[in-house]
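These notes are about the structure you will find just below.
The values are calculated or read from the model by the stated rules, or taken from the named source; none is laboratory data. Small disclaimer: the values here were computed from a predicted structure and weren't measured. With ideal geometry, Cβ positions are generated from the backbone for all residues, glycine too; neighbour counts draw on all protein chains shown. Just the protein is used for accessible areas: all its heavy atoms, side chains included, with ligands, DNA and RNA removed. Shrake-Rupley method; radii C 1.70, N 1.55, O 1.52, S 1.80 Å.
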Amino acid sequence: MSDVRAFPASDRTTLITGLLRLTDVVLVAGVAYTLFWLHNNTLRIPHYYHQIILLAALLTANFAHVAGIYRPASLASTSLQVVRMAAAWTMVALAVLAFVFVTDITEWLNRAWALQWYFGVFIAFTLTRFVIWHRRRRARRHGDLTARIALVGARDLGRKVLEQLRQDPYVQVVGVFDTLDPAEATIEGVPYRGSVTDLVRLVRQERIDEIVIAMIDRSEEEVANVLAKLRDVPINTKFCAHTLRFNLPVRGFSTLGGLPLLHVFQRPLGAWGQVLKALEDRILGFFILLLALPVMAVVAIAVKLDSPGPVLFRQKRYGFNNNEITVFKFRSMRNDPNPDPSVPQAQRNDPRVTRVGSFLRKSSLDELPQLFNVLQGTMSLVGPRPHAVAHNEHYAAIIDGYLGRHRVKPGITGWAQVNGYRGETDTPEKMRMRVQYDLYYIDNWSLSLDLKILLMTVFVGFVNRNAY
């Protein structure tokens with residue numbers, strides 16, 4: 001799974017609060033069952049104990065939420081956490097006590113166990129909060145909870161926005177960008193780092209959590225040009241909305257450092273979406289690889305016997321955020337020590353394709369080694385297919401929105417492939433249709449959609465008349 005530091009600061013906070021919710025529920029049940037085992041030396045628990053424990057766990061999740069315990073502001077104060085958790089847990093205990101009296105099971109309940117459970121859970125909650133406090137202090141020291149912001153706009157409004165953002169201790173403005181170079185090398189103490197094009201390159205080199213655009217004082221055409229350059233970047237992009245006079249694709253509203261911000265572009269996968277996607281890739285990818293190993297062994301022998309050269313073919317392609325990755329495939333063409341750098345696509349009756357390679361390409365068995373890419377983390381099971389570097393640069397120049405495919409990891413199979421857009425793309429229109437399907441997948445991603453695509457791949461995705 002991806003390291004938590006790879007997530008933007010806002011997503012890391014979401015993950016922390018989500019894990020804390022789960023931890024609290026587990027503590028309620030874990031302490032109860034542990035104490036019962038210590039009292040009775042057995043885990044053969046009467047059914048009414050299960051009912052009480054389940055009720056307490058569910059109420060804890062709800063009462064703690066109502067008490068505001070999982071809000072980011074509450075997480076910053078350990079004492080506030082402990083006080084609110086004590087109040088919420090006491091309310092849970094009273095509700096459980098009422099349930100016990102109403103159901104008339106008081107005489108069957110071990111009162112010493114119940115009392116120890118109440119104080120044991122409170123102690124566990126308190127210790128958990130001190131661990132979180134320690135981890136947050138360490139994370140703050142390393143800047144892991146500080147939002148790294150790139151500000152677009154270096155004129156008067158940009159300077160005002162910058163001044164306000166710098167008052168927030170959890171915000172770090174890493175640079176200012178604009179369409180025109182200002183006279184100063186720094187703006188309010190923050191370095192000017194170039195144009196919006198420079199910003200697009202920068203997000204591939206270092207962690208940028210969000211992009212804030214402060215350009216209300218510019219022409220609509222200038223703003224549109226900036227948005228056109230930023231729409232393919234896999235980063236939340238927000239527009240400072242002091243006064244709004246543009247027609248923008250607004251997707252939400254939030255505040256940062258007290259500033260009202262409109263969300264115009266959002267990362268396609270949020271915090272928990274990335275976690276689910278990573279689990280899907282690692283777990284399903286591992287089991288699919290185990291099932292595919294016998295087939296891969298047979299294919300490797302066939303490739304080796306059919307023509308001289310290596311079994312595996314390695315090719316540079318563009319992956320997430322338009323960064324280069326090395327993609328593995330079974331070699332399906334004759335070994336060429338001096339390949340054409342333009343990487344011409346395979347065509348019908350292509351003389352470069354070997355006999356075994358023709359079958360592998362039509363059946364997609366040549367793609368199986370990309371399961372290793374999935375386990376490496378450079379690819380996903382499902383996503384837009386990665387294209388050769390030369391093809392990527394060619395189509396990016398002629399197809400609007402093409403680079404938006406790189407807002408997620410590329411996949412072994414994808415929504416375009418199971419809908420028939422696979423194989424040779426000999427016209428820009430074919431590639432344009434493939435891009436439309438890829439962008440639809442990115443904007444509408446869900447775990448169920450991924451599972452649907454994997455299932456469709458089994459029945460319609462392996463064989464295609466356009467694959468040569």
* Would you mind computing the Rg to Rh ratio of the chain from its alpha-carbon coordinates, Kirkwood style for Rh? => 1.07
* Using amide H atoms built 1.01 Å from N in the peptide plane, name the residues 5+ places from GLU324, or on other chains, whose amide H lies under 5 Å from its own. => GLY319
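Does segment 32-107 come out rounded, prolate or oblate, given a ≥ b ≥ c as the square roots of the eigenvalues of its C-alpha gyration tensor, rounded meaning a/c under 1.5 and, failing that, prolate meaning a/b above b/c? Kindly include the intermediate steps, with their values, before the conclusion.
Working: a/c = 2.95, a/b = 1.87, b/c = 1.57.
Because a/c hits 1.5 or more and a/b exceeds b/c, segment 32-107 counts as prolate.
Beta carbons within 10 angstrom, averaged per residue: use that to sort the peptides 150-159, 77-86, 227-236, highest first.
Values: 150-159: 21.5, 77-86: 16.6, 227-236: 19.1.
Most protected by this proxy first, the peptides run 150-159, 227-236, 77-86.
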* Asked: Helix 220-230 sits at what angle to the longest principal axis of the chain, using alpha carbons and giving 0 to 90 degrees rounded to 10?
  -> 90 degrees
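How much length is gained on full extension from GLN164 to VAL102, taking 0.36 nm per residue of separation minus their Cα-Cα distance?
16.7 nm
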* **Distance in nm between pseudo-label sites at HIS65 and ARG135 (7 Å out along the Cβ direction from Cα)** => 2.1 nm
* Asked: Bin by bin, in steps of 5 Å, what percent of the Cα pairs in segment 109-202 do you find, going until the bin that has the longest distance?
  -> 3, 12, 16, 13, 11, 8, 7, 6, 5, 5, 4, 4, 3, 2, 1, 0
* **Gap separating the Cα centres of segment 78-145 and segment 372-423, nearest whole Å** => 48 Å
* What are the lysines whose alpha-carbon lies under 21 Å from the alpha-carbon of LYS160, with same-chain residues fewer than 8 places away excluded? -> LYS238
* To do: Starting from the Cα of ARG111, step 7 Å along the direction of its Cβ; do the same at ALA300; then give the gap between the two resulting points in nm.
  => 6.9 nm
* Length gain on complete extension for the stretch LEU127 to GLN172, per 0.36 nm per residue less the alpha carbon to alpha carbon distance? -> 13.1 nm
* Structure fact -> To the nearest Å², the heavy-atom accessible area per residue of segment 1-127 with 1.4 Å probe amounts to 54 Å²
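If you take the beta carbon distance between GLU206 and LEU94 as r and set R0 to 56 Å, what does 1/(1 + (r/R0)^6) give as a FRET efficiency, to the nearest 0.05? Spell out each step's value before the answer.
Details: r = 51 Å, r/R0 = 0.91.
Taking R0 as 56 Å, the efficiency between GLU206 and LEU94 is 0.65.
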* Structure fact -> Sorting LEU371, ILE398, LEU290 by the position of each Cα along the dipole of the chain (Lys, Arg +1; Asp, Glu -1; all at Cβ), the one nearest the positive end of that ordering is LEU290
* **Share of carbon and sulfur in the accessible heavy-atom surface of the chain [1.4 Å probe, %]** => 61 percent
* To do: List, in order, the whole-Hz ³J(HN,Hα) value for each residue of segment 259-274 obtained from phi through the Karplus relation with A = 6.51, B = -1.76, C = 1.60 and θ = phi - 60°; use x for Gly and Pro.
  => 8, x, 10, 9, 7, 9, 10, 10, 4, x, 10, x, 4, 6, x, 5
* Asked: What list of ³J(HN,Hα) values in whole Hz, one per residue of segment 275-280 in order, does the Karplus curve 6.51 cos²θ - 1.76 cosθ + 1.60 (θ = phi - 60°) give from phi, with Gly and Pro shown as x?
  -> 5, 4, 5, 5, 5, 4
* In nm, to one decimal, how far is the modelled label at GLU221 from the one at ALA76, with both set 7 Å along Cα→Cβ? -> 4.4 nm
* Could you order LEU262, LEU305 so the one with the most accessible surface comes first? Probe is 1.4 Å. => LEU305, LEU262
* When DSSP assigns beta bridges and you keep just the ones with both residues in the chain, what percent turn out antiparallel, to the nearest 5? -> 55 percent
* **Amide hydrogen neighbours beyond the local backbone of SER380, cut-off 5 Å, H modeled** => GLY411, ILE412
* Structure fact -> Per the 1/(1 + (r/R0)^6) rule, R0 = 41 Å and r from the Cβ atoms of ASP181 and ALA390, FRET efficiency to 0.05 is 0.80
* Structure fact -> segment 149-178 scanned against label point 7 Å out from ASP198 along Cα→C-beta; backbone N under 20 Å for 149-163, 172-178
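Using a Förster distance of 51 Å, how high is the FRET efficiency between GLN315 and LEU38, based on the Cβ-Cβ distance and rounded to 0.05?
Details: r = 60 Å, r/R0 = 1.18.
The pair GLN315/LEU38 has a calculated efficiency of 0.25.
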* Nonlocal amide H pairs with ALA147, under 5 Å, H built at 1.01 Å -> VAL171, GLN172
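Which shape class, rounded, prolate or oblate, goes with segment 265-420 when its Cα gyration tensor gives a ≥ b ≥ c as root eigenvalues, a/c under 1.5 marks rounded, and past that a/b bigger than b/c marks prolate? Please report the intermediate quantities before stating the final value.
Values: a/c = 2.21, a/b = 1.29, b/c = 1.71.
Oblate.
Sorted by packing (mean other beta-carbon atoms within 10 Å per residue), highest first, where do 217-224, 187-194, 275-282, 41-48 land?
Result, highest mean Cβ count within 10 Å first: 275-282, 187-194, 217-224, 41-48.
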